[in-house]
Amino acid sequence: MSKETRERVRAIIAEQAVLEPSDVSEDQTLDDLGIDSMGLVEAIFAIEEEFDIQVPFNANEPEKSDFDISSVAAVMAAVERLVKEQKG
Amino acid sequence: MRRVVITGAGTINPLGHSVDATLEAFREGRCGIGPLDIRDVDRLAIRIGGQVREYDADARFNRQQQALYDRFTQFTLIAAEEAIRQSGLTFSGELAAEAGVVLGTSGGGLNTQDENYRAVYEEGKNRVHPFIVPKLMNNAAASHVSMTHNLKGPSFTVATACASSNHAMGQAFWLVRSGAARAMITGGSESMLCFGGVKAWEGLRVMSRDACRPFSANRNGMVQGEGAGVFVFEEYEHAKKRGAEILAEIVGFSMSSDASDIVMPSQQGAARAIQGALRDARLSPDQVGYINAHGTGTAANDKTECAAVANVFGASADDVMISSTKSMHGHLIGGTGAVELLACIMALRDGVIAPTIGYEEPDPECALDVVPNEAREAKVDFTLSNAFAFGGLNAVLALGRAP
C-alpha cells in the first residue's frame with residue numbers, strides 16, 4: 001500500500017515536471033525538477049483528486065502549511081500521512 | 001487638453017450603502033469582512049468574505065427589474081444613482097449625447113451563471129429564464145446605467161480582472177480630457193460571492209481563511225468582497241460654469257503590461273505604471289502624499305508593490321503614506337479600484353488617511369508607512385491609486401485636490 005502511494009505521488013510529480021517517473025528521485029526538490037508555484041498548486045490538486053483527500057496548503061505561507069514540500073520524499077511522506085489520517 | 005474633475009460619487013460595499021457610510025468606516029478602521037452567508041457554504045474551504053449586508057433587493061427593484069439585473073448590475077445602479085444625484089446633472093439634449101458610461105467588472109453576472117448552471121446541471125432542469133443572457137453579460141451594468149440615465153455617448157465595459165475599474169476610470173478620464181465626452185459615469189462593480197465563484201478562487205490557494213492583513217508579516221492571503229463604486233467625471237469648465245461641488249481632480253493615468261506571468265506580479269510592470277501616472281500628471285514623487293495600494297494581502301503582491309513604490313519614489317518613499325483598504329472591505333476584484341478611489345478623495349478633500357487594519361507584524365519587505373490600524377489626519381495635495389491585475393495588467397490613477 002505504502003509503496004503504491006509513493007509511486008502514485010511520484011507519477012503526479014513527474015507529470016508536472018514533464019519527466020518519466022523513473023527520472024524523479026526522492027531526494028530532489030520541486031525546484032530541482034523545475035516545478036514552479038503554479039505547477040505545485042496543480043500537483044496538489046492532482047494529489048487531492050487521486051487520493052480523495054484534502055491537502056492543507058496556502059501558497060502565501062507554504063512553510064506554515066501542514067504539508068511538507070521540501071523534497072519529493074517529503075511530499076510522499078506527507079501524502080501517506082494524510083491518506084492515513086483521512087482515509088484510515 | 002481639458003481638465004477633468006469628479007463631481008459625484010456613489011457606492012455600495014461591505015462597509016456601507018453610501019459614500020458617507022463608507023468614509024465613516026474608513027475613518028473608524030471598521031472591518032466589513034465576516035462569515036459568508038451563501039448557499040452551500042458548508043462545502044467551501046474558504047468561508048469568509050466582504051459581503052454587502054442588510055441588502056434587500058426587493059426594496060430597491062421590482063420583479064421585472066430583478067429579472068434583468070444581476071446582483072452586480074443592481075449594485076452598479078445603486079452607486080450610479082447616488083453619484084449622479086450628488087453631481088446634480090440631468091442628461092438631456094446635447095449633454096446626453098456627450099455623456100457616456102465606462103465601467104469595470106471581471107465576473108459580470110456570475111451569480112446568474114452560477115444559479116442557472118445549478119438549475120440545469122444539478123437540478124436537471126431543461127429550461128432557464130429567457131433573460132439569462134442579457135442578465136449575465138459583462139456589459140449589462142453599463143447598458144442599464146446608460147438606459148436609466150439617458151447617457152447616449154461612448155459606453156462600454158472593461159474587463160481586466162482586479163484592475164478593471166482603474167482601467168475603466170482611465171478610459172473615462174481620457175474621453176473627457178480629449179473632448180470626446182463632456183461627462184462620463186465610471187467606476188466598477190463585482191459580485192462573485194457565490195458557491196462557484198468562491199470555489200474557483202479556493203483552487204488558487206491564495207485565499208485567507210481568517211483575515212486580510214496587507215503588508216503584515218503574518219498575512220496569509222486575500223479575502224474576496226463585493227460591491228460597486230461609481231463616479232461622475234466631468235470637464236472642469238463645464239462643472240465650474242454650473243457651480244458644481246468638485247470632490248477632486250483626476251490629474252494623470254497610466255497603464256502597463258508585465259508581459260511575463262499570468263498570476264505572479266512583476267515589480268517592473270508595477271513600477272512602470274506608477275512612473276507613467278506621475279509623468280502624465282507632471283508630478284514628482286515628493287508631491288504625492290498618499291497612495292491607495294493594491295495591497296491584496298497575498299505574500300507576492302504586497303512585497304512586489306512595496307518594492308515598486310520604493311523604486312519609483314526613491315528617497316521620498318519614506319515620506320509617502322500607503323494603505324490598503326482591502327483590509328476592511330476585501331478585494332472587490334473588478335470593482336475594487338472604484339471603491340478604493342473613495343479613500344483618495346477622503347485624503348484630498350477631508351485630510352483623513354484611511355488605515356490598513358489588521359496590521360500585526362512589520363515585514364522588512366514592506367518597509368513603508370502603511371498607516372497601520374488607525375486613520376490619520378494629514379494634508380495631502382496629490383494621491384495615487386494602484387491596481388495590478390492577474391494577467392499582468394496594471395493601471396494607476398493620479399488625483400489632486402479640487403481646483
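Any residue at all in segment B:167-184 that's under 30 Å from B:R43 (Cα atoms) and not assigned by TED's automatic domain parsing to the domain that holds B:G335?
no
Just to verify a result, which residue in segment B:203-225, among those that are under 11 Å from B:T296 (Cβ atoms) and of a type in the set (A, V, I, L, M), is farthest from the other protein chains (Cβ to nearest Cβ)?
B:V223
What number of residues within segment B:141-195 are of a type outside the set (A, V, I, L, M) and closer than 20 Å to B:S257 by Cβ?
Of the residues in segment B:141-195, 13 are of a type outside the set (A, V, I, L, M) and closer than 20 Å to B:S257 by Cβ.
Can you go through B:I246, B:I250, B:I262 and tell me which one is within 14 Å of another protein chain (Cβ to nearest Cβ) and not small (G, A, S)?
None of the other options fit; the residue is B:I262.
Please enumerate the residues belonging to segment B:92-118 that are surrounded by 22 or more Cβ atoms within 10 Å (Cβ to Cβ) and under 28 Å from B:H238 (Cβ atoms).
B:E98, B:A99, B:G100, B:V101, B:V102, B:L103, B:G104, B:T105
Where in chain A are there helices (runs of 4 or more DSSP H), lying wholly inside it, with at least 1 residues that are within 30 Å of B:D302 (Cβ to Cβ) and more than 14 Å from chain B (Cβ to nearest Cβ)?
Per the criteria, A:2-17, A:72-87.
Criterion first (in contact with a helix residue (DSSP H, G or I) (Cβ under 8 Å, 6 or more places away or on another chain) and modelled with pLDDT of 95 or more) does B:L95 satisfy it? Spell out how you get there, then give the answer.
On the way: in contact with a helix residue (DSSP H, G or I) (Cβ under 8 Å, 6 or more places away or on another chain): no; modelled with pLDDT of 95 or more: yes.
Criteria not met by B:L95.
Sort through B:A25, B:A80, B:A57, B:A21 and tell me the only one that's closer than 30 Å to B:F195 by Cα, assigned by TED's automatic domain parsing to the domain that holds B:E115, touching a Cys at 6+ places or on another chain (Cβ under 9 Å) and not aromatic (F, W, Y). Please lay out each step first, then the result.
Numbers: B:A80 fails: touching a Cys at 6+ places or on another chain (Cβ under 9 Å); B:A57 fails: touching a Cys at 6+ places or on another chain (Cβ under 9 Å); B:A21 fails: touching a Cys at 6+ places or on another chain (Cβ under 9 Å).
Sole residue among the options that is closer than 30 Å to B:F195 by Cα, assigned by TED's automatic domain parsing to the domain that holds B:E115, touching a Cys at 6+ places or on another chain (Cβ under 9 Å) and not aromatic (F, W, Y): B:A25.
Mind listing whichever residues of segment B:277-325 are away from chain A (no Cβ under 14 Å), in contact with a Ser or Thr (Cβ under 6 Å, 6 or more places away or on another chain) and surrounded by 22 or more Cβ atoms within 10 Å (Cβ to Cβ)?
B:A277, B:Y290, B:N292, B:A293, B:S323, B:S324
When you go through B:D40, B:D56 one by one, which is the residue that is surrounded by fewer than 16 Cβ atoms within 10 Å (Cβ to Cβ), over 24 Å from the mean Cα position of the chain (by Cα) and over 28 Å from B:A181 (Cα atoms)?
Numbers: B:D56 fails: over 24 Å from the mean Cα position of the chain (by Cα).
Of the residues listed, the single one that is surrounded by fewer than 16 Cβ atoms within 10 Å (Cβ to Cβ), over 24 Å from the mean Cα position of the chain (by Cα) and over 28 Å from B:A181 (Cα atoms) is B:D40.
Could you please find all residues in segment B:252-271 being buried (at least 20 other Cβ atoms within 10 Å of the Cβ) and farther than 24 Å from B:A378 by Cα? Write out each step before concluding.
Residues of segment B:252-271 buried (at least 20 other Cβ atoms within 10 Å of the Cβ): B:252-254, B:256, B:258, B:265, B:269-271.
B:S254, B:S256, B:D258, B:P265, B:G269, B:A270, B:A271 - these are the residues of segment B:252-271 that are buried (at least 20 other Cβ atoms within 10 Å of the Cβ) and farther than 24 Å from B:A378 by Cα.
The values are calculated or read from the model by the stated rules, or taken from the named source; none is laboratory data. Bear in mind the structure is a predicted one, so any value in this text is a computation, not a measurement. Don't worry about glycine lacking a Cβ; one is built from the backbone with ideal geometry, like all the others, and counts go over all protein chains shown.
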